[in-house]
Amino acid sequence: MADYSKKIMVTGAAGFIGSHVARLFVKKYPEYLIVNLDALTYAGNLENLRDIENLPNYKFERGDINDEKRINELFDQYHFDAVIHLAAESHVDRSIIDPLAFVRTNVLGTASLLNISLKHWKDNLENKLFYHVSTDEVYGSLGKEGFFTEETPYDPRSPYSASKASSDHFVMAYRHTYGLPIVMSNCSNNYGSHHFPEKLIPLMINNIKNNKPLPVYGKGENVRDWLFVEDHATAIDTIFHNGKIGEKYNVGGFNEWKNIDIVHLLCGIMDKKLGRPAGESAKLITYVKDRPGHDMRYAIDASKLNKELGWKPSLQFEEGLEKTVDWYLQNQDWVNHVTSGDYQKYYDVQYEKR
Ligand code: NAD
Ligand code: DAU
């Protein structure tokens, strides 16, 4: 193995945000070795990383974060200096159907990864880092006013957010009890390329394109704070390199939108791109039964990250959304593979038959 200045395990890098983080690190830091550890669940797609898969400082290792033997072997093989932990079950609707899958990966998996990191690092914790990527959903739901700060008490309300809150507590417990060097960030809703089309924005883009109903939960008045995924990746880069050990940082777009307004915005963009008469796509909007326990509003105060580490989002929402729509329209093969399930065969073709 070449002499890399840092060897970093990025968990969940075949997923949406993880693939953007891996791409940023692999390209920006050729002196680092980036090892993508991913179980390739339904949400993991190696096609997301095609442009970097042959670069010398990128490696893919298939594995489950709960598989202690496998993770221990990888620590022995690569001598990681850092873990950037993104692997998770991430979809609120799925957590309502199968909460225990979220406990297994998000709670038990994170605890296991912390435990293994500590075991391998405890004799020399210097220059080691466990970076835990979390969500604003741990803070609960806001009314019309106010923002989540790093001091907001946790109040998770879905099985997904409860599992992420629990993982956050384990991370802090490993800091306080064992002195494990950690940092953590809690981010708002991401959007951008390679987003699995079961989440709001890619689902709406795909349905508009295919003239299918646009399912808006409840009255569509729930509010989310949206951040371009590549800006989340730069925030992670900033915090990884400059964040204070033991601290947490909120990451957000200062960009609140009601769901129904986003759907209308997307319909307008798509009408233009597809050459449809104005107002045509909006006819597809269909109000459906609300998500059980649907959180009303999330809004992140990311001023700590801005003031202390100088990070801020680079893109306006309308610009980012247009870029995102363009990506989906230009990458219909990716969408077809994901929606048909073909993307799951890519691993066999790319890796097992080598
Ligand atoms: P994703 O669902 O797109 O990707 C998750 C990845 O983790 C997939 O590649 C999957 O194969 C892998 N994975 C799942 N279970 C695993 C296991 N047991 N072992 C190894 N790998 C496993 O998720 P995402 O949207 O990219 O989110 C990444 C992280 O960021 C998550 O921790 C999520 O909670 C957090 N987050 C997401 C958002 C968002 O808007 N998507 C916002 C804030 C925080
Ligand atoms: O806030 C950060 C979180 O954002 C992350 O931690 C999660 O991993 C990520 O999935 C996301 O959670 P949300 O539940 O906010 O995202 P989702 O895209 O599922 O839904 C966004 C909003 O749109 C939410 O209010 C529910 C609504 N919605 C969603 C879908 C899929 C609809 O109205 N219709 C839909 O079909």
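Provide the gained length on full extension for the span LEU309 to MET172, in nm with one decimal, where the gain is 0.36 nm per separating residue minus the Cα-Cα distance.
47.2 nm
Evaluate the charge dipole of the range 259-341 about its Cα centre and quote only its size in Debye, nearest 20, assuming +1 on the Cβ of each Lys and Arg and -1 on the Cβ of each Asp and Glu.
120 debye
Over the chain, what is the relative contact order in whole percent, taking alpha-carbon pairs under 8 Å and six or more residues apart?
Relative CO of the chain lands at 17 percent.
Within 10 Å, count the other beta carbons around each residue, average over each peptide in 222-228, 265-271, and list them highest first.
Ranking, from highest mean packing down: 222-228, 265-271.
How compact is the range 144-201 by the rule of thumb for globular proteins, expressed as Cα Rg over 2.2 N^0.38 Å?
Normalised by 2.2 N^0.38 Å, the Cα Rg of the range 144-201 equals 1.42.
Multiply the residue separation of LYS289 and HIS241 by 0.36 nm, subtract the distance between their alpha-carbon atoms, and state the gained length in nm to one decimal.
Details: separation 48, 0.36 × 48 = 17.28 nm, distance 4.38 nm.
That works out to 12.9 nm of additional length.
DSSP beta bridges in the chain, what fraction antiparallel, as a percent rounded to 5?
Working: 3 of 41 bridges.
In the chain, DSSP labels about 5 percent of beta bridges as antiparallel.
Between PHE75, PHE16, PHE240, which gets the highest mean-square fluctuation from a Gaussian network model of the chain, Cα cutoff 10 Å?
PHE75
Sum up the charges of everything whose Cβ sits under 15 Å from the Cβ of TRP121, counting Lys and Arg as +1 and Asp and Glu as -1, but leave TRP121 out.
Around TRP121, the charge tally is +2.
Over all directions, the average projected area of the alpha-carbon convex hull for the range 83-215 comes to how many nm²?
Averaged projected hull area, Cα only: 10.0 nm².
Please work out the C-alpha center-to-center distance from the range 176-192 to the range 66-82 and express it in whole Å.
Here the answer is 20 Å between Cα centres.
Using the structure shown, list the pairs from LYS199/LYS219; LYS59/LYS307; LYS69/LYS119; LYS209/LYS283; LYS209/LYS345; LYS27/LYS323 with a Cα-Cα distance above 23 Å, or answer none.
From LYS199/LYS219; LYS59/LYS307; LYS69/LYS119; LYS209/LYS283; LYS209/LYS345; LYS27/LYS323, over 23 Å: LYS59/LYS307; LYS209/LYS345.
Using a ≥ b ≥ c from the Cα gyration tensor of the range 151-257 (square roots of the eigenvalues), is it rounded, prolate or oblate, where a/c under 1.5 gives rounded and otherwise the larger of a/b and b/c decides, a/b for prolate?
Prolate, since a/c reaches 1.5 and a/b exceeds b/c.
Hey, with R₀ at 30 Å, roughly what FRET efficiency would ASP67 and GLN332 work out to, going by the Cβ-Cβ distance, to 0.05?
0.30
Under a point-charge model restricted to the Cβ atoms of Lys and Arg (+1) and Asp and Glu (-1), what is the dipole moment magnitude of the range 186-242 relative to its Cα centre, in debye to the nearest 20?
That gives a dipole near 360 debye.
How long are the semi-axes of the equivalent ellipsoid of the chain, taking √(5λ) for every eigenvalue λ of the Cα gyration tensor, in whole Å from largest down?
On the way: eigenvalues 212, 115, 69 Å².
Its equivalent ellipsoid spans semi-axes of 33, 24, 19 Å.
Figure the gain on full extension for ASP51 and LYS122 (residue separation times 0.36 nm, minus the Cα-Cα span) and round it to one decimal in nm. Could the numbers behind the result be given before it?
On the way: separation 71, 0.36 × 71 = 25.56 nm, distance 3.59 nm.
Gain on stretching ASP51 to LYS122: 22.0 nm.
For every other residue with a beta carbon closer than 11 angstrom to the beta carbon of GLY268, add +1 if it is Lys or Arg and -1 if Asp or Glu, then tell me the sum.
On the way: positive: LYS272, LYS273, ARG276; negative: ASP261, ASP271, GLU280, GLU318, GLU322.
Neighbour charge sum, excluding GLY268 itself: -2.
LYS248: which aspartates and glutamates have alpha carbons under 16 Å from its alpha carbon, excluding same-chain residues fewer than 8 sequence positions away?
Candidates past the 8-residue exclusion: ASP136, GLU137, GLU150, GLU151, ASP168, ASP237, ASP301, GLU308.
Which net charge results for the neighbourhood of ALA39, defined as the other residues with beta-carbon distances under 9 angstrom from its beta-carbon, given Lys and Arg at +1 and Asp and Glu at -1? Working shown, then result.
Values: positive: ARG62; negative: ASP38, ASP64, ASP67.
Net charge around ALA39: -2.
Filter the DSSP H helices in the chain by two things, a Kyte-Doolittle mean of at least 0.5 and an axial alpha-carbon span of 20 angstrom or more, and list the hits by number. Before the final figure, lay out each step's value.
Numbers: long enough: 159-178 (28 Å, -0.67); 259-274 (22 Å, 0.73).
What comes out of the filter, once short or polar helices are dropped, is 259-274.
So for the range 1-52, Kirkwood radius off the Cα pairs, Stokes-Einstein at 4 °C and 1.567 mPa s: how many µm² s⁻¹?
Taking Rh from Cα pairs, D becomes 117 µm²/s.
Equivalent ellipsoid semi-axes for the range 198-354, as square roots of 5 times the alpha carbon gyration tensor eigenvalues: give them largest first, rounded to whole Å.
29, 24, 16
Every number here is computed from the coordinates shown, using simple stated rules; none is lab data. Everything numeric here is computed off the predicted structure, so don't read it as measured data. Note that each Cβ is placed from the backbone with ideal geometry, even for glycine, and that neighbours are counted across all protein chains shown.
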